[in-house]
Amino acid sequence: MDGSARYTTANFHTYLLRCITGMSKDFGIDPVRLCMGLGFEIEDLSSPDCLVSFRQAASLIRRALACTKDRERGLGLDIGTQETIGSIGLVGYAMLTSPTLGNAIDLGIKMQRHAGVLLQLERVDSGKYLTIRARSLFHEPDLQPFLVEESFGVFLNLVRTLAGDTFTPSFVELSYSKPSYSAHYDQVFKCPIRYDQSENIFACDAHWAEKRIATYDPLSHRQVLDFLQMNVAKQSMEDEFIESIERIVRRDLRQTPSLSAVATQLCMSDRTLRRRLADQGRSYQNVLDQLRMVHAVALLTNPRLTIDEVAYEVGFSDAHNFRRAFKRWTGHGPRKSQ
């Protein structure tokens, strides 16, 4: 695992880790051992102020997976489907008091950092489907099945809480190979499941977005949103600045804009853009590298794509330069990610 600041900065809420340790005894796991030597104890996970790094979270998850490796079930599915809307804290309550399912989903995605999500979730609708896409934030292929299982499992649970038990997804696509316990996936999702796909997708009919939520309460919703916004306001506005740059670049990673082009779109000079990035210890190249790495990692899980094709999709004219860059980002070549 990369030892860079991205991995070791404590900026993830502990809702998922609290669920894992809380349910661990059901799986024959000692929760104390899961936390041992990681820099926190079980009691810490119940504090709303407790934040952990991805390195700490990944270590705990790997321990749980190692302890359950002989089970013919997905640990992530078991964890996710037992979580409730209260498992994600105030974000869950804000979703519960939203007017429609579509509103609740949008809010959950907007506030996902405050729900302890370890993947990047996006809503990417087509005309027929309401679609949730899950992408890796870090290059940890061995953790991806667990993280996707948990995210899609809890998403299914949340939607059924909000929209009713009759909700069923239209299809699920997964970027990794079919596991030995695939029957567990069929049991949970009860819809077509396609493996070895280019992305991780959870899709349902678009009409579900208009479903009214029975627990909608405008006053309570406003109150909890105001409280969440107070927490969001504590974060630097520079987070929005970085996100604005990333949004421009993500439009087409194959032909990334120059720093000058980005500065023009943000209505500032090149010098101001460089200075504001430097104030956060970042550079434009660093932002590009991060976006390219995340997208490349997602693409490399698709065995049907060649290294040349992946290189092109993330803005490299030849595979040789892509291989060198990927090794610089992750510590190893792209072949290990396939």
#### Entry: Selected from 68, 326, 10, residue furthest toward positive end of dipole (the chain; charges at beta carbon)
326
### Within region 130-232, percent of DSSP bridges classed antiparallel, to nearest 5
80
### Query
Roughly how many debye, to the nearest 20, is the charge dipole of the chain about its Cα centre, given +1 on each Lys and Arg Cβ, -1 on each Asp and Glu Cβ, and no other charges?
760
### Query
Any idea how many Lys pairs in the chain come in under 17 angstrom at the alpha carbon, given 8 or more places apart or on separate chains?
6
### Message
What do you get for trypsin sites (Lys or Arg not before Pro) in region 256-332 restricted to DSSP loop and a cutoff of at most 14 other Cβ within 10 Å of the site's Cβ?
### Response
304
### Task
Report, as a whole number in µm² per second, the diffusion coefficient that Stokes-Einstein gives for the chain at 25 °C and 0.890 mPa s using the Kirkwood radius over alpha carbon pairs.
115
### Message
What are the membrane-span-like helices in the chain by this rule: whole DSSP H runs, Cα extent along the axis at least 27 Å, mean Kyte-Doolittle hydropathy at least -0.5?
### Response
144-163
### Query
Sorted from largest down, what three extents in whole angstroms do the Cα atoms of region 1-70 have along their principal axes?
33, 27, 18
#### Entry: C-alpha center-to-center spacing [region 122-176, region 94-116] in angstrom
14
### Task
About the Cα centre of region 71-232, how large is the charge dipole given +1 on each Lys and Arg Cβ and -1 on each Asp and Glu Cβ? Please answer in debye to the nearest 20.
240
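Evaluate the relative contact order of region 238-337 (contact order divided by residue number), counting alpha-carbon pairs under 8 angstrom at least 6 apart; express in whole percent.
The normalised contact order for region 238-337 reaches 24 percent.
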### residue 200 long-range amide H proximity, modeled H, under 5 Å
134, 175
### Query
Assigning unit charges at the beta carbon (Lys, Arg +1; Asp, Glu -1) and nothing else, what dipole magnitude in debye, to the nearest 20, does region 203-315 show about its Cα centre?
200
### Message
Please check: in the Gaussian network model of the chain (C-alpha springs, under 10 Å), which one of 260, 170, 182 has the largest mean-square fluctuation.
### Response
260
### Query
Dividing the alpha-carbon Rg of region 238-337 by 2.2 N^0.38 Å yields what?
1.14
### Message
Given an 8 Å cut-off on Cα distances and at least 6 residues of separation, report the relative contact order of the chain as a percent.
### Response
16
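With a 10 Å radius around each residue's Cβ, average the other Cβ atoms per peptide and rank 242-249, 158-165, highest first.
Going from most to least packed, we get 158-165, 242-249.
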#### Entry: Among 197, 216, 98 - extreme Cα towards positive end, dipole of the chain, charges at beta-carbon
197
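No value in this document is a laboratory result; all are computed from the given coordinates. Remember, it's a predicted structure, so these values are computed and weren't measured experimentally. All Cβ positions, even for glycine, are placed from backbone atoms using ideal geometry, and neighbour counts span all protein chains on display.
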